[in-house]
Each structure stands twice: as structure tokens, then as C-alpha cells.
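In what follows, a structure is listed as C-alpha cells, so that the remarks can point back to it.
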Amino acid sequence: ALKLDPRNAITWSNKGASLDSLGRHEEAIVCYDEALRLDPRDAVTWSNKALAEDRLSRWREAVHSFQQFMTLAPAEDTEHIEYARKHLRELEGK
């Protein structure tokens, strides 16, 4: 799909999620970064990137990504916002 449309942010984000689920966090972050370059207001990609960064012990980066998510997430997405808040509290202790 990326060969057909390399400017599709959702496809980059989905590829990142697939790589992340395989434990390939570094590669996932590269995909998330490309997705965010194309669509910097995608809250889901920011959240997924934060989780990958956290798995790699990149806590400062994870904090930044979670903060970006919380800035962009729709207010009605309370479940994911609370999840991000919880992770931020945990990261502040590291």
C-alpha cells in the first residue's frame, strides 16, 4: 500500500502498529514519525508512538508523545486520555 501511496499517514501508522506488535519498536517509531510528518494532528499515532518509546525506555520522548496525544485527543475519548494520564504519572517517576 505504501508503494502505491507513500504519502498516506494512516498506512504509515498502521505499519508502525504492526511492527510494534512484533516487538520491532525502533522500526515502528520510524513509521510513526513518518505518519506524524504527514499528519502531525493524529492523536492515535502520538499515543502509539509514546507506547513504543516507553517500551524502549525512552521516557522523555514518551512523555512528549503522550502530551501531544492529550492535546489532540477528542475530549470524549476519556478512556484513552485517562490511560495516557496514568502512563504519564508512571513515567514521571522514572
- Message: Under a crude label model (7 Å from the Cα following the beta-carbon direction), how far is Ser21 from Arg55 in nanometres?
- Response: 1.1 nm
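Test of the criteria: in the stretch 4-94, which GluC sites (Glu not before Pro) are in a DSSP loop and have at most 14 other Cβ atoms within 10 angstrom of their Cβ?
Glu76
List the trypsin sites (Lys or Arg not before Pro) in the stretch 12-82 that DSSP assigns to loop (not H, G, I, E or B) and whose Cβ has at most 15 other Cβ atoms within 10 Å. Which are they? Before the final figure, lay out the partial values.
Details: sites: Lys15, Arg24, Arg37, Arg41, Lys49, Arg55, Arg58, Arg60; in loops: Arg24, Arg41, Arg58.
Qualifying residues, ordered by number: Arg24, Arg41.
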- Solvent-accessible area per residue for the stretch 44-94 at a 1.4 Å probe radius, Å²? 62 Å²
- Task: Determine the calculated [θ] at 222 nm for the chain from helices alone, applying -39500 (n - 2.57) to every DSSP H run no shorter than 4 residues and normalising by the residue count; nearest 500 deg cm²/dmol.
- Result: -23500 deg cm²/dmol
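The values are calculated or read from the model by the stated rules, or taken from the named source; none is laboratory data. From a predicted model like this one, the values you see are computed outputs, not experimental measurements. Here the Cβ is made from the backbone with ideal geometry for all residues, glycine too, and neighbour counts use every protein chain on show. Remember, those area values only see protein heavy atoms, side chains included, never the ligands or the DNA or RNA. Shrake-Rupley method; radii C 1.70, N 1.55, O 1.52, S 1.80 Å.
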